[in-house]
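Read the structure below first, then the notes.
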């Protein structure tokens, strides 16, 4: 093991190197004082539960389980997981302050995709909070720490002692504060607390643990629009619905939550209309005293759209890419390569915003165009096919595995030094998809 990279009440996470697999990994350990206590059984049981769940969970938004050394007889129990590089939301908000609406929606949509998967198993996380949400350098959201997650609608015993409540009180739903059973809507309450904080800079309730738990049960939080004037009313409405005291009054599923929170950005899956929270530009009547501003150079607008995408401002960059595609294609074959790249980026925006069907249609159209003018091992074509595979699997179509396999075969046969990272990504995706299938 090389260095400590994180930790919490239960244990700590270390960066390590797996010499057999020849890759860096994350190793999670239980705090020594918990193992040396008079009753280490609960800590070890929770650790075993997390290992059991991670071994079952196969999703890009959850760290991959690799190995474990567990049991009461183990000298030093540990879990080995995929190493996720990036920052958790606590670090991001601490460094930058509250996030833009587009960033919040992008994060919410990705979290909901993970919850749709886990709730179908069925597993409730029970401890969604900023510190357990990692944002990678590629804007991928990963949910960490399933140590207090629970399989619901089963006869599994609670992993608590003396009816102690598990979870983090700032993001805890009323039913969990009261020690009652949790369900998928409990996670949606925690998610709403998290999104409330990303928009306002503070969680819905603050104070000592007892005060916060009391407020979760009996008090309504301050409206988001009071703390952030001008926030999109539709976005605020969904989050406040998720904070309903009664579970039955919240959105019924993660999918419903995702669809509602994304609906204020796009009118339909096939629309390139700018997000409703952006100012609508009204055309000005030309007069000699009102000069029309010159548009930015084409290449500057391409870079600007990509910069917005890289910053997580997906809903702003998407209509820019759509406009660039039209303009570049109108300019003829000389600009075909740049147009293809912008079309690829536009489809990626759709996928980030949860519009899988539209993204898949766009990627498949682009792949057909590229096949007519590019070699089978063209890098952009392979990246498009990799995205098609991921989208197919997201939509429940196992043909995505065939796309992964073809892309992997072509990449390895090409033997290009610059393809090493993509080969690793495709190999990981192929292994995960095959395991899940």
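Structure notes:
- Modelled spin-label separation between residue 136 and residue 252, with each label point placed 7 Å from Cα along the Cα-to-Cβ direction: 3.3 nm.
- Sorting 134, 363 by the number of Cβ atoms found within 10 Å of their own Cβ, with the fewest placed first, yields 134, 363.
- Placing pseudo-labels 7 Å out from each Cα toward the beta carbon at residue 379 and residue 336 gives an inter-label distance of 2.0 nm.
- Fewest-first ordering of 96, 348 by other beta carbons within 10 Å of each residue's beta carbon gives 96, 348.
- q = 0.08, 0.13, 0.19 Å⁻¹, the stretch 86-262: log10 I(q)/I(0) [Debye, one scatterer per Cα]: -0.22, -0.60, -1.36
- Backbone N under 20 Å from the residue 45 label point (7 Å along Cα→Cβ), restricted to the stretch 118-134: 123-127
- The slack between residue 90 and residue 33, meaning 0.36 nm per residue of separation minus the straight C-alpha distance, is 17.9 nm.
- Going by neighbour counts of Cβ atoms within 10 Å, the residues 192, 263 line up, fewest first, as 263, 192.
- Evaluated at q = 0.16 Å⁻¹, a Debye calculation over the C-alpha positions of the stretch 380-437 (equal weights, vacuum) places log10 I(q)/I(0) at -0.42.
Bear in mind these aren't lab numbers, they're just calculated from the coordinates by the rules spelled out. Keep in mind that what you see is a predicted model, and the values were worked out from it rather than measured. Every residue, glycine as well, gets a Cβ built from its backbone with ideal geometry; the counts of neighbours run over all protein chains shown.
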